[in-house]
Amino acid sequence: MKTKVLTIFLLTLIITSSCNQPKPQEPQHQTQIIAHRGFWRVEGSHENSISSLQNAQRERFFGSELDVHVTLDGIVVVNHDDDIQGMIINDHTYEELQVVRLPNGETIPTLRRHLELAAENPDTKLIIEIKYKDCQEEESRAVVKVLSLVEEMGMENYVEYISFSRHICREIKRKSPSAVVVFLSSLGRIDSALSPQELKAYGFSGFSYHYNLIRHKPHWVAEARELGLTTNVWTVNNEDIMREMLALGVDFITTSFPLELRAIIEQGDF
């Protein structure tokens with residue numbers, strides 16, 4: 001009888017001790033890296049080029065951001081500005097634009113080629129900025145062309161969309177409700193910036209705001225998280241500002257210096 005009582009007592013002590021052990025800490029939030037216009041600060045590369053995407057893929061960054069326009073004959077091409085070397089992209093055919101060479105010798109790349117490479121390297125998403133236009137008809141045309149191409153190639157799960165245009169973002173969600181659509185803004189556009197509550201009401205996935213805007217409204221990061229929205233800041237090239245944004249706990253940082261950002265994240269130096 002005494003032996004049984006002693007055994008029960010010892011088992012109780014063991015169970016109680018086990019329950020009082022500290023639980024393992026939950027893994028800390030990890031900010032992901034998006035390479036701004038690809039990882040182009042590499043010898044032989046250039047922003048928004050094929051090589052800039054390949055460089056980002058080699059480093060396995062979360063995303064490679066790129067800008068798109070539609071040529072006169074309906075080809076979606078990758079370039080930041082409305083024009084390339086003085087040629088307005090919307091007013092020229094893709095063949096006409098082939099005379100232009102990027103500083104690294106490449107021709108102006110197509111979104112189709114970027115998507116082909118993304119299919120081969122699914123670890124790095126394409127963050128597609130459909131560029132703001134003064135004409136909503138042109139914006140709608142761009143949305144149709146981009147979404148049709150992505151759907152044709154079966155790449156819906158490998159891309160995310162960003163835009164400064166509220167119309168573009170709403171059109172994407174209307175035509176492709178499951179798409180990840182993130183609204184862009186900056187401190188200079190603060191009157192048109194959407195609060196987390198407004199983003200949620202529109203059905204957008206989150207915001208991608210210039211870091212100075214988030215410095216002005218840092219509480220938006222926590223508010224967005226509470227609403228299940230994603231948070232991104234751009235274009236963060238200064239290491240002190242990288243640390244500042246990391247300390248806020250943003251989900252993504254878009255930068256032209258992704259290796260430097262990765263080193264700070266890995267060191268936990270913020």
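Looking only at region 32-46, residues that are in a loop (DSSP other than H, G, I, E, B), under 22 Å from M242 (Cα atoms) and touching a residue at least 40 places away in the same chain (Cβ under 8 Å) come to 5 in all. Of the candidates I162, I253, the single residue that is under 11 Å from the mean Cα position of the chain (by Cα), over 24 Å from H69 (Cβ atoms), surrounded by 17 or more Cβ atoms within 10 Å (Cβ to Cβ) and not polar (S, T, N, Q) is I253.
Which residues, counting only those in region 96-134, are among the hydroxyl-bearing types (S, T, Y), within 25 Å of V181 (Cβ to Cβ) and part of a loop (DSSP other than H, G, I, E, B)? Of everything in region 96-134, those that are among the hydroxyl-bearing types (S, T, Y), within 25 Å of V181 (Cβ to Cβ) and part of a loop (DSSP other than H, G, I, E, B) turn out to be T124, Y132.
Residue by residue, here is whether (1) of a type outside the set (S, T, N, Q); (2) closer than 20 Å to L53 by Cα holds:
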| site | (1), (2) |
| --- | --- |
| T71 | no, no |
| I75 | yes, yes |
| D82 | yes, no |
| G86 | yes, no |
| N90 | no, no |
| E106 | yes, yes |
| R112 | yes, yes |
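Candidates S192, S205: the one that is in contact with a strand residue (DSSP E or B) (Cβ under 7 Å, 6 or more places away or on another chain), small (G, A, S) and loosely packed, with under 14 Cβ neighbours inside 10 Å is S192. Counting only helices (runs of 4 or more DSSP H) wholly contained in region 163-251, the ones carrying 1 or more residues that are assigned by TED's automatic domain parsing to the domain that holds I265 occupy 196-202, 211-216, 219-226, 239-248. Residues being farther than 26 Å from F252 by Cα and either in the same structural domain as I127 (by TED's automatic domain parsing) or touching a helix residue (DSSP H, G or I) at 6+ places or on another chain (Cβ under 7 Å) (or both) are represented in region 64-71 by at least one member. Scan region 44-55 and tell me whether some residue there is within 30 Å of R262 (Cα to Cα), in contact with a Ser or Thr (Cβ under 7 Å, 6 or more places away or on another chain) and surrounded by 23 or more Cβ atoms within 10 Å (Cβ to Cβ). The answer is yes, given that some residue of region 44-55 is within 30 Å of R262 (Cα to Cα), in contact with a Ser or Thr (Cβ under 7 Å, 6 or more places away or on another chain) and surrounded by 23 or more Cβ atoms within 10 Å (Cβ to Cβ). Only a single item in (1) assigned to a helix (DSSP H, G or I); (2) outside the structural domain of R58 (by TED's automatic domain parsing) is not met by E151, and it is number (2). For region 105-112, the criterion of being loosely packed, with under 14 Cβ neighbours inside 10 Å and among the acidic types (D, E) is met by no residue. Within region 176-189, the set of residues being free of Cβ contacts under 8 Å to residues at least 40 places away in the same chain, surrounded by 15 or more Cβ atoms within 10 Å (Cβ to Cβ) and of a type outside the set (V, I, T) comprises S176, A179, F183, S185, S186, L187. Listed by first and then second residue, the pairs linking a residue in region 105-116 that is in contact (Cβ under 8 Å) with a residue 12 or more places away in the chain and more than 18 Å from I84 (Cα to Cα) to a residue that is β-branched (V, I, T) and in a loop (DSSP other than H, G, I, E, B), with Cβ atoms under 9 Å apart and 6 or more places separating them unless they lie on different chains, are R112/I75. Scanning region 75-92 for residues that are surrounded by 14 or more Cβ atoms within 10 Å (Cβ to Cβ) and assigned to a loop (DSSP other than H, G, I, E, B) returns I75, N79, H80, D82, H92. Looking across region 218-238 at every residue that is of a type in the set (D, E, K, R) and crowded, with 16+ Cβ neighbours inside 10 Å, the one that is farthest from P177 (Cα to Cα) is identified as E223.
The values are calculated or read from the model by the stated rules, or taken from the named source; none is laboratory data. These figures come from a predicted structure and were not determined experimentally. Methodologically, a virtual Cβ is constructed for each residue, glycine included, from the backbone with ideal geometry; neighbour enumeration extends over all protein chains shown.
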